[in-house]
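Sending over a structure as structure tokens; questions will come in a sec.
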Amino acid sequence: MLLALAPMQDVTDLAFMRTLARVESLPDLFVTPYFRSTPTTCALAEQNLRCIEGNETGVPIEAQLAGSDAAAMVRDARHLLTLPVRGINLNAGCPSPLVNRHGAGAGLLREPENFRAVLQALRRVVPEGRFTVKCRLGWAEDTEFPALLELLAEAQPDMLTVHARTRKDLYGGVPRFEQVRRAVEEMSCPVLANGDLQTPEQVMRCLESTGAAGVMIGRGAVRNPFIFRQLRGGAAPSRDEMREYYRILVEETGRILFGIRTEKGHCNRMKKYLAFCYPDFTPEQEYALRRCTEVGEMLRLLLS
Ligand SMILES: Cc1cc2nc3c(=O)[nH]c(=O)nc-3n(C[C@H](O)[C@H](O)[C@H](O)COP(=O)(O)O)c2cc1C
């Protein structure tokens, strides 16, 4: 079973990757949050480059590209391949209107001819074994998926992750894992299932019903980073281990903010992760954490 951490912009950053290493619960693969790739992009997102350059966890990392212009994406893929990355991942799932307006992210699924052009162009430039894709089931309906799978099969990526929702679903509704099963049947590469996998039990059920080669986990891993350890047969985290997780996350977040750190800025960055952890706190604690602007106070709340 292959375990990947799902890319989440501003969340699965270098601080979070280092935290997973320190709590000794690492996945098999990291994927950077997307680098926006357009004809006029001059510089690739600094924060995501740091995930690659500062990755001393030993876990391979793929660089993710979101774009719709094949030439620009080839240019940026070539550049990213000069860095210590395992490969290039194509983002065909981001639902942000800003990104979709330009036909990128899930916008690719709405324009199959361009999706095909981007897939083929990246496949040509990215070496064998190093080109992967992350996609949704379609733009509006999952009935779009079979035709999309044909394009994907034709491009022969080296791995496919399926977020089992359409763009219209955004992050809501029940993931349609039966479509992941379809992908497993149609594709010759390994397929990873993604979407709302929060517990080891859910992961095992999903693997059984889909036949997927593994899973990609995002929000569930921010709420419980020990899920990777658990999926390798390790124990569920104790309350003390969760406290240690929050403490390390505060420390690592301070480390990446070095030089530009302010109390409020540090708390605001912490809140990007905590957004997925609030179900484990009381409403009073959540309220206090949301309002908190001092790191000492935040630590007190998290460790209480
Ligand atoms: C805050 C946030 C940021 C995200 N950023 C990205 C991204 O940069 N690239 C990407 O492919 N998906 C991104 N996603 C989607 C996740 O990778 C994942 O597909 C989705 O959250 C479903 O998986 P999960 O339920 O395990 O989190 C993001 C999701 C969230 C909530």
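Mind listing whichever residues of region 9-46 are within 16 Å of the ligand (Cβ to nearest atom), out of contact with any His (no Cβ under 9 Å at 6 or more places or on another chain), assigned to a loop (DSSP other than H, G, I, E, B) and in contact (Cβ under 8 Å) with a residue 24 or more places away in the chain?
GLN9, ASP10, VAL11, THR12, ASP13, SER25, PRO27, ASP28, THR32, PRO33, TYR34, THR41
Let me ask something else about it. Any idea which residue in region 201-242 is surrounded by the most Cβ atoms within 10 Å (Cβ to Cβ), counting only those that are of a type in the set (Lys, Arg) and away from the ligand (no atom under 16 Å from the Cβ)?
ARG229
Residue under question is PRO84, and the condition is that it be under 18 Å from GLY129 (Cβ atoms) and more than 15 Å from the ligand (Cβ to nearest atom); does it hold?
Answer is yes for this residue.
Inspect all residues belonging to region 70-87 and state whether any of them is within 17 Å of PHE115 (Cβ to Cβ) and buried (at least 24 other Cβ atoms within 10 Å of the Cβ).
Scanning region 70-87, I find at least one residue that is within 17 Å of PHE115 (Cβ to Cβ) and buried (at least 24 other Cβ atoms within 10 Å of the Cβ), so the answer is yes.
Say whether the condition of being within 29 Å of GLY54 (Cα to Cα), at pLDDT 95 or above and not assigned by TED's automatic domain parsing to the domain that holds ILE217 is met by at least one residue in region 277-285.
Yes, there is a match, as at least one residue in region 277-285 is within 29 Å of GLY54 (Cα to Cα), at pLDDT 95 or above and not assigned by TED's automatic domain parsing to the domain that holds ILE217.
Ok, one more. Across region 259-277, what is the total count of residues that are in contact with a helix residue (DSSP H, G or I) (Cβ under 8 Å, 6 or more places away or on another chain), assigned to a helix (DSSP H, G or I) and free of Cβ contacts under 8 Å to residues at least 12 places away in the same chain?
Total meeting the criteria: 0.
Something else: If I filter region 67-85 for residues that are under 15 Å from the mean Cα position of the chain (by Cα) and either in the same structural domain as ARG123 (by TED's automatic domain parsing) or among the polar types (S, T, N, Q) (or both), do I get at least one hit?
Within region 67-85 (the criterion being under 15 Å from the mean Cα position of the chain (by Cα) and either in the same structural domain as ARG123 (by TED's automatic domain parsing) or among the polar types (S, T, N, Q) (or both)), the answer is no, since none of the residues qualifies.
Which one is nearest to the chain's Cα centre (by Cα) among residues in region 129-161 that are of a type in the set (Val, Ile, Thr) and within 16 Å of the ligand (Cβ to nearest atom)?
Filtering first and then ranking leaves THR161.
Moving on to the next point. Hey, does region 100-113 have a residue that's within 14 Å of the ligand (Cβ to nearest atom), part of a helix (DSSP H, G or I) and surrounded by fewer than 21 Cβ atoms within 10 Å (Cβ to Cβ)?
Among the residues of region 100-113, at least one is within 14 Å of the ligand (Cβ to nearest atom), part of a helix (DSSP H, G or I) and surrounded by fewer than 21 Cβ atoms within 10 Å (Cβ to Cβ), which makes the answer yes.
Is it true that some residue in region 285-298 is surrounded by 20 or more Cβ atoms within 10 Å (Cβ to Cβ), touching a residue at least 60 places away in the same chain (Cβ under 8 Å) and either assigned to a helix (DSSP H, G or I) or of a type in the set (A, V, I, L, M, F, W, C) (or both)?
No: region 285-298 contains no residue that is surrounded by 20 or more Cβ atoms within 10 Å (Cβ to Cβ), touching a residue at least 60 places away in the same chain (Cβ under 8 Å) and either assigned to a helix (DSSP H, G or I) or of a type in the set (A, V, I, L, M, F, W, C) (or both).
If you go through region 126-168, how many residues are touching a helix residue (DSSP H, G or I) at 6+ places or on another chain (Cβ under 9 Å), assigned to a loop (DSSP other than H, G, I, E, B) and not hydrophobic (A, V, I, L, M, F, W, C)?
Result for region 126-168: 7.
Shifting gears a bit: Would you pick out the residues in region 125-153 that are among the charged types (D, E, K, R) and touching a Leu at 6+ places or on another chain (Cβ under 8 Å)?
ARG130, LYS134, ARG136, GLU144 - these are the residues of region 125-153 that are among the charged types (D, E, K, R) and touching a Leu at 6+ places or on another chain (Cβ under 8 Å).
The values are calculated or read from the model by the stated rules, or taken from the named source; none is laboratory data. This structure is a prediction, so every number in the text was calculated from the model and none was measured. Glycine gets a Cβ as well: all are built from the backbone with ideal geometry, and neighbour counts include every protein chain shown.
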